[in-house]
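One structure is given below, represented as structure tokens, and several questions about it will come after.
The values are calculated or read from the model by the stated rules, or taken from the named source; none is laboratory data. These numbers come from a predicted model, not from an experiment. Cβ placement follows ideal geometry from the backbone for every residue including glycine, while neighbour counts extend to all protein chains displayed. Areas reflect the complete protein model, heavy atoms only, side chains present, ligands, DNA and RNA absent. Shrake-Rupley method; radii C 1.70, N 1.55, O 1.52, S 1.80 Å.
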Amino acid sequence: MKAYRINYLAGLSILTVLAGASLTACEKDTDGRPQISPGTPVATRIMPDSAASGSVVTLIGTGLGDIRSVVFEKQNVPAGFQTTLNTAESLIFRVPTEASGGMQNITFTNSAGQSVSVPFKVLAFPSVTDVSNYNFTKGTVITINGNNLDDVTAVAVADSVKGISDAATIVSKEKKKLVVQMPASSLTRGTLSITNATGRIRTKQEFVNVDKAYQIFVDSYGTGFQDGSWGDAGVISTKEFMSGTASASKTYQKGNWHLIAFANWSSSAINYSANYTYITGWIKGASADYSLYVTTDASKGGFGDTNEANRIDVKAGVWNYFKLKLSDMDFWLPGKTLKQVGFRIKGPDKQDETFYFDDIMLVK
């Protein structure tokens, strides 16, 4: 009787172990998603109903626990989301950086292929990171790099204070690049107004109308100007230029502290005017990074001075744009006539170096 009881208990233990092993073997591996049957997804509300890239959005409804993909209609851009955060009543996701601007549907699809779509407005204002040129005349083609530029509908050079807006022509447009042809304009300088499906922005970059500026060198010497350089003469180069067909070049000899000078000894030299606000231009760098110093004969320090307030840091081998505010420099004393504008270097110490200068102008 005792032996029988022992065998019975042993058999019961074995059955229990086998049953447990059977249940373990049948348990389904998961990836962390809540085990919710697909059901039919229904959307009742989306919060907010418009947002920019990176914003968090919540979809409210029923049957949402098994959603496997979220896709923005324009360009079929997928949105990332955490499946483990899903519930049957809500789904949280972010507007993807690549989403195109404007009204469009967002489609939510579950593992059974059932889907629901919700209208949504992606706020994708145009943005500008850099431009190919800051100077223009009628017909100048400028390339604008940035984002959300593929649906741009209008571009204009504008001054909101003066109430002037001159429309540019859109040549081509892509998501990250916009090419425009600049208009004739009565503005001395202005920003660009850029409009797309989301709305309108004004660029931080300001553009200078070459035709309205006092030209020191633009393809050739301005009226009354000639070369007045120290050491080797400055020459006109048709091989290197930022815009147009030519630039002024100067070879600075090793250790000689040369300068390139644009001199105007004629009656067209201009007397001091507080209306002039900036000196602007482009300089193509030499074999290494250097600093050049703007110098004038109308300054307090005199022509040939190397005032730190007048310094321009010029990177090697590329065109460098500069726009210096005259009131921040030692440039032009009231009552003086401006006859010489130059760019001086300290050195160079290692070897001769050649720089190129283009679109050197005074701007009101």
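Filter segment 233-242 down to the residues that are open to solvent by 50 Å² or more (accessible area, probe 1.4 Å) and under 26 Å from Ser267 (Cα atoms) and list them by number.
Result: Ala233, Val235, Ile236.
Strands (runs of 3 or more DSSP E) wholly in segment 297-359 with at least 2 residues that are within 26 Å of Glu240 (Cβ to Cβ) and either at pLDDT below 95 or in contact with a helix residue (DSSP H, G or I) (Cβ under 8 Å, 6 or more places away or on another chain) (or both) - which ones?
Here the list is empty.
Just for segment 106-121: of the residues that are touching a Phe, Trp or Tyr at 6+ places or on another chain (Cβ under 7 Å) and not small (Gly, Ala, Ser), which one is surrounded by the fewest Cβ atoms within 10 Å (Cβ to Cβ)?
Val116
Among (1) open to solvent by 40 Å² or more (accessible area, probe 1.4 Å); (2) under 25 Å from Gln351 (Cβ atoms), there is one condition Thr245 misses while meeting the rest; what is its number?
Exception for Thr245: condition (2).
So is Val161 among the hydrophobic types (A, V, I, L, M, F, W, C), in contact (Cβ under 8 Å) with a residue 12 or more places away in the chain and out of contact with any helix residue (DSSP H, G or I) (no Cβ under 7 Å at 6 or more places or on another chain) or not?
no
Would you mind finding the one in Ser172, Ser220, Ser185 that is polar (S, T, N, Q), within 21 Å of Tyr321 (Cβ to Cβ) and surrounded by fewer than 18 Cβ atoms within 10 Å (Cβ to Cβ)?
When all the criteria are applied, what remains is Ser220.
Each row is one residue, and each column tells you yes or no for (1) without any contact (Cβ under 8 Å) to a residue 60 or more places away in the chain; (2) of a type outside the set (Val, Ile, Thr); (3) open to solvent by 30 Å² or more (accessible area, probe 1.4 Å); (4) more than 22 Å from Phe225 (Cα to Cα).
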site	(1), (2), (3), (4)
Lys250	no, yes, no, no
Ser268	yes, yes, yes, no
Asn271	no, yes, yes, no
Tyr276	no, yes, yes, no
Gly285	no, yes, no, yes
Trp319	no, yes, yes, yes
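Now for a different question. How many residues does segment 255-269 hold that are assigned to a loop (DSSP other than H, G, I, E, B) and within 38 Å of the chain's Cα centre (by Cα)?
Total satisfying the criteria: 2.
I'd like to check which strands (runs of 3 or more DSSP E) are fully inside segment 167-246 and have at least 3 residues that are within 25 Å of the chain's Cα centre (by Cα).
By residue number, 169-173, 177-181, 189-195, 200-209.
How many of the residues in segment 52-97 are within 19 Å of Gly199 (Cβ to Cβ) and open to solvent by 20 Å² or more (accessible area, probe 1.4 Å)?
Residues in segment 52-97 being within 19 Å of Gly199 (Cβ to Cβ) and open to solvent by 20 Å² or more (accessible area, probe 1.4 Å): 6 in total.
Still on this structure: Of (1) open to solvent by 50 Å² or more (accessible area, probe 1.4 Å); (2) farther than 30 Å from Ile345 by Cα, Trp230 satisfies all except one. Which?
Only one criterion in (1) open to solvent by 50 Å² or more (accessible area, probe 1.4 Å); (2) farther than 30 Å from Ile345 by Cα is unmet by Trp230, namely (2).
With respect to Arg45, determine if the residue is at pLDDT 95 or above, within 25 Å of Gly146 (Cα to Cα) and open to solvent by 70 Å² or more (accessible area, probe 1.4 Å).
For Arg45, the condition - at pLDDT 95 or above, within 25 Å of Gly146 (Cα to Cα) and open to solvent by 70 Å² or more (accessible area, probe 1.4 Å) - is not met.
Output the number of the condition that Gly199 fails; it satisfies all remaining conditions of (1) out of contact with any strand residue (DSSP E or B) (no Cβ under 6 Å at 6 or more places or on another chain); (2) of a type outside the set (Asp, Glu); (3) modelled with pLDDT of 95 or more.
With respect to (1) out of contact with any strand residue (DSSP E or B) (no Cβ under 6 Å at 6 or more places or on another chain); (2) of a type outside the set (Asp, Glu); (3) modelled with pLDDT of 95 or more, Gly199 is out only on (3).
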